[in-house]
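Here the structure comes first, spelled out in structure tokens, and everything after it is commentary.
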Amino acid sequence: MGEATGIGTTRVSSASVASASVASASVAPAGIATTSIGSSVSEDPTGRGAPTPAASRPAGVGAARRPVALLVATAAALIALDVITKHLAVAKLSGRNPVEVIPGVLDLELTRNSGAAFSIAGGSTVVLSLVALLVIGVVVFTARRLRSTGWAVVLGALLGGAIGNLIDRIFRAPGPLRGHVVDFVHLHHWPIFNVADSAIVCGGVLAVLLSLRGVGLDGSHHTDTPDGARRDGATPEHAERSEHSEQQAPRG
């Protein structure tokens, strides 16, 4: 009888301990993570819960700044190249006949241009200077939404070309905002131009190509596919009926 009583007491005590464990687990604070017997227990002293997963965090600022850095680097490289080549052209080609580079195709001939790229709108230097300032402001404003590498090159080319020719219009004769732009590259049957002109034209061509491909400033790709349609041409309802028919079809 004594042994039976002891065994019964032991079973009752074990059941009481198990019940107490369950009760304590049900009222455990939110900051304490309870586990099964034999596993470790971790605590969060601050009570803030689990940290936010890295995937749910906003994109890093560094990733957003990379296209802007590419824009600035492209513009700076083009401005430097434009200024250096114009300086060399003035120093080496002044008072000389055209220097033939590729017979019948390309030569170097120094001219002074009061108009826009490729000698367009001659005599409108002041207006073109103001337009260049406007282009620079638009590019700087647009750069805030820039996430695309391709568009970074486009805006960098436009910015570098606009600033390159604006430098001539500000600092060259006959005066500020009226200065004549130095042109020296002459492709036969094509107006004489410079590096800044080439940058503007190439940037415009690349902008058209990116637009045709549906590439946005934020790096997204826009397509003409209507909302709700799949790339294979089937609508979600048609695809659902097809999958349902395949599930009901008897298998051999």
* Can you confirm whether segment 88-109 contains a residue that is out of contact with any helix residue (DSSP H, G or I) (no Cβ under 9 Å at 6 or more places or on another chain) and either of a type in the set (S, T, Y) or closer than 30 Å to G216 by Cβ (or both)? => yes
* Which listed residue, of S129, S124, S148, S114, is modelled with pLDDT of 90 or more and either on the phi < 0 side of the Ramachandran plot or aromatic (F, W, Y) (or both) -> S148
* Run P191 past the list (1) of a type outside the set (D, E); (2) modelled with pLDDT of 95 or more; (3) surrounded by 13 or more Cβ atoms within 10 Å (Cβ to Cβ) and report the number of the one that doesn't hold. => (2)
* **Scan of segment 131-171 for residues that are in contact (Cβ under 8 Å) with a residue 24 or more places away in the chain and open to solvent by 30 Å² or more (accessible area, probe 1.4 Å), ordered by number** => L133, V135, I136, R145, R147, T149, W151, V153, L158, I163, I167, I170
* Within segment 62-89, can you find the residues that are more than 24 Å from T142 (Cβ to Cβ) and surrounded by fewer than 14 Cβ atoms within 10 Å (Cβ to Cβ)? -> I84, H87, L88
* Taking only segment 167-214 into account, find how many residues are of a type in the set (V, I, T), closer than 17 Å to L128 by Cβ and not in a helix (DSSP H, G or I). => 3
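The values are calculated or read from the model by the stated rules, or taken from the named source; none is laboratory data. As the structure is a computational prediction, the values presented were derived from the model and not from experiment. Glycine also receives a Cβ, built like all others from the backbone with ideal geometry; neighbour counts cover every protein chain displayed. Please note that ligands, DNA and RNA were not included when accessible areas were found on the heavy atoms of the full protein model with its side chains. Shrake-Rupley method; radii C 1.70, N 1.55, O 1.52, S 1.80 Å.
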